[in-house]
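The structure appears below as structure tokens.
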Amino acid sequence: MTRPDPVFRAVVLTLGYAFLYIPIVCLMVFSFNDSAMMTSWSGFSLKWYAALLDDDALLSSARLSLIIASLTATSAVVVGTWAGYVLARMGRFRGFSLYVGMLSAPLVIPEVVLGISLLLMFVELSELLGWPDGNGMFTIWIGHLTLCTAYVAVIIQSRIRDLDRSLEEAALDLGATPLKVFFVITLPLIIPALLAAWLLAFTLSLDDVVIASFLSGPGYTTLPIEVFSRVRLGLKPEINALATVFILVVGVCVIVANRIQWGRAGKQ
């Protein structure tokens, strides 16, 4: 079998990267544009970053989204890890098919259906118990947790199934309890999968529009909803500035994480 021509591979790779990253680069460049027009360059300026600091609605929505995404990712990793461990280690038990179906349902159910069902549930709970008292951060968090737990469970399940069980079996033979084996042996081995699951859950929560639009209330507008509501009146350069800040922060975090990972690999 002949290998692809190196020039052809380079061209395809360049086109692929250009398709992915040119829009992001353009967004970052126009965040320094002096003009309020999103498509015409008129000079370098930092005034939109100054305007971003005065945009309380955009900053508060970004702050709310970051808080919800952090809470969602952390709680989804805790719940999803146990759910994935049950799938990978407990074998088939009575009700296993129902358990798998309920855990996997958020993966296949449209988000609009999931959002409506959760909204109806909270409405009924509010009428019967008087709780929750209106939609807000808690209801959005529950909706995102329901969605993200399923993704986390799939990631953790696949990682645990690939583990060598000899270490766990040796610890059990030496008298360790199953709970201690999980925390001392299994958990350290799946830390990379936990980090990947946390980042995925954080991204899904931060990017969600559909579920949050059903479960948000007055004073609890997430960043995606705020941005989409402004699209009707035309986007302002402040959004470019905020997006650039997010991109730079995420880029720095990725670079630092890679350097730490390379450093550990070099020491091994």
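The values are calculated or read from the model by the stated rules, or taken from the named source; none is laboratory data. The shown structure was predicted, so the numbers you read here are calculated from the model rather than taken from an experiment. All Cβ positions, glycine included, derive from the backbone under ideal geometry; neighbour counts span all protein chains shown.
Results, tabulated for the structure shown:
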{"read-out": "Options PHE30, PHE8; residue that is among the aromatic types (Phe, Trp, Tyr) and touching a Pro at 6+ places or on another chain (Cβ under 8 Å)", "value": "PHE30"}
{"read-out": "Selection count where residues are in a loop (DSSP other than H, G, I, E, B) and of a type in the set (A, V, I, L, M, F, W, C), scope the stretch 135-176", "value": "3"}
{"read-out": "Residue, surrounded by the most Cβ atoms within 10 Å (Cβ to Cβ), within the stretch 204-217, restricted to residues that are of a type outside the set (A, V, I, L, M, F, W, C) and touching a residue at least 60 places away in the same chain (Cβ under 8 Å)", "value": "SER205"}
{"read-out": "Residue match in the stretch 133-146 (condition: exposed (fewer than 15 other Cβ atoms within 10 Å of the Cβ), of a type outside the set (D, E, K, R), modelled with pLDDT under 95 and under 26 Å from LEU66 (Cβ atoms))", "value": "yes"}
{"read-out": "Filter result for ALA88 (surrounded by 15 or more Cβ atoms within 10 Å (Cβ to Cβ), over 26 Å from PHE202 (Cβ atoms), modelled with pLDDT under 90 and over 16 Å from the mean Cα position of the chain (by Cα))", "value": "no"}
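Yes or no, residue by residue, for (1) in contact with a strand residue (DSSP E or B) (Cβ under 6 Å, 6 or more places away or on another chain); (2) surrounded by fewer than 14 Cβ atoms within 10 Å (Cβ to Cβ):
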{"position": "PRO6", "(1), (2)": "no, yes"}
{"position": "LEU15", "(1), (2)": "no, yes"}
{"position": "PHE32", "(1), (2)": "yes, no"}
{"position": "SER40", "(1), (2)": "no, yes"}
{"position": "SER61", "(1), (2)": "no, no"}
